[in-house]
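The values are calculated or read from the model by the stated rules, or taken from the named source; none is laboratory data. This is a predicted model, so every value here is computed, not measured. Using ideal geometry, Cβ is built from the backbone for each residue, glycine included, and neighbour counts are taken over all protein chains shown.
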């Protein structure tokens with residue numbers, strides 16, 4: 001099989017990545033799986049693959065790295081005091097990161113190649129949502145030839161949609177304490193707001209500012225990567241929703257995929273929100289009302305103003 005094109009759908013959750021995943025997989029020769037949780041994870045109890053590798057390798061790294069004339073080649077960094085070898089925490093940490101990243105890189109290269117063969121696809125990708133700036137930086141660092149599509153949404157709509165999603169998923173389970181970015185208090189507040197006919201505050205000021213800070217951090221990193229790499233594409237959720245066909249075509253062009261107008265029309269028809277909801281199953285529950293600006297039904301003027309002031313800084 002000829003060389004494949006690896007790609008990653010990444011960025012903020014609830015920003016159109018599921019729609020893009022479905023649309024891309026409708027195009028012949030393209031397969032998009034997910035979510036592999038290779039770089040980030042949504043639950044504290046289920047770490048990302050990178051974190052699992054790093055945690056598992058850490059004891060071995062600390063033991064082997066301090067031995068002279070070993071495979072890691074850190075002899076010049078080792079300090080010996082009374083026959084005991086020492087390495088700085090910085091050296092140990094950097095070496096652990098290097099090993100973990102290399103293991104992840106080799107594993108994913110092999111995994112993507114296998115899936116490409118299984119699916120007879122020249123383009124193979126993963127929907128990889130990101131929750132840390134360092135994880136976003138890690139993708140192009142490990143896979144410089146990979147295509148990266150970063151989805152971003154109006155921060156207020158992102159905030160509301162994200163909390164509503166986990167409220168719907170977990171309202172009967174109360175597992176908010178296990179989630180990375182929302183907690184039980186956030187879900188209970190949303191539950192109370194909705195049950196009281198959208199009265200009160202949907203979200204606390206602390207949670208709102210936490211979301212804005214995270215959103216800004218990833219946005220700024222995405223801007224840098226977009227400016228410095230032809231392999232990084234930023235997809236606006238609002239553009240995807242209002243000009244779906246043209247934006248989808250731009251993404252296919254970015255990936256270098258050949259397609260016809262009929263291919264695109266069929267993909268869009270099969271993945272309209274009406275069709276997905278009518279089909280039932282996972283996506284029927286997963287996909288909410290996609291209309292931009294829905295945040296106005298949930299955020300008070302005070303919270304909205306607080307977010308605006310944070311964005312101006």
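Considering 173, 156, 195, which residue is modelled with pLDDT of 95 or more and either over 23 Å from residue 310 (Cβ atoms) or buried (at least 19 other Cβ atoms within 10 Å of the Cβ) (or both)?
Details: 173 fails: modelled with pLDDT of 95 or more; 195 fails: modelled with pLDDT of 95 or more.
When all the criteria are applied, what remains is 156.
Criterion first (within 29 Å of the chain's Cα centre (by Cα) and assigned to a helix (DSSP H, G or I)) does residue 37 satisfy it? Steps first, please.
Details: within 29 Å of the chain's Cα centre (by Cα): yes; assigned to a helix (DSSP H, G or I): no.
Spelling it out, it is not the case that residue 37 is within 29 Å of the chain's Cα centre (by Cα) and assigned to a helix (DSSP H, G or I).
Inspect the range 304-313 for any residue being in contact with a strand residue (DSSP E or B) (Cβ under 8 Å, 6 or more places away or on another chain), at pLDDT 95 or above, surrounded by 13 or more Cβ atoms within 10 Å (Cβ to Cβ) and assigned to a helix (DSSP H, G or I) and give the result as yes or no.
No, because not a single residue in the range 304-313 is in contact with a strand residue (DSSP E or B) (Cβ under 8 Å, 6 or more places away or on another chain), at pLDDT 95 or above, surrounded by 13 or more Cβ atoms within 10 Å (Cβ to Cβ) and assigned to a helix (DSSP H, G or I).
Surrounded by fewer than 20 Cβ atoms within 10 Å (Cβ to Cβ), in contact with a helix residue (DSSP H, G or I) (Cβ under 7 Å, 6 or more places away or on another chain) and either at pLDDT 85 or above or assigned to a helix (DSSP H, G or I) (or both): does that describe residue 27?
Details: surrounded by fewer than 20 Cβ atoms within 10 Å (Cβ to Cβ): no; in contact with a helix residue (DSSP H, G or I) (Cβ under 7 Å, 6 or more places away or on another chain): yes; either at pLDDT 85 or above or assigned to a helix (DSSP H, G or I) (or both): yes.
Criteria not met by residue 27.
Would you check if there is a residue in the range 2-18 being surrounded by fewer than 17 Cβ atoms within 10 Å (Cβ to Cβ), in contact (Cβ under 8 Å) with a residue 12 or more places away in the chain and not in a helix (DSSP H, G or I)?
yes
Suppose we filter the range 242-267 for residues that are in contact with a helix residue (DSSP H, G or I) (Cβ under 9 Å, 6 or more places away or on another chain), surrounded by 17 or more Cβ atoms within 10 Å (Cβ to Cβ) and closer than 23 Å to residue 13 by Cα; how many remain?
7
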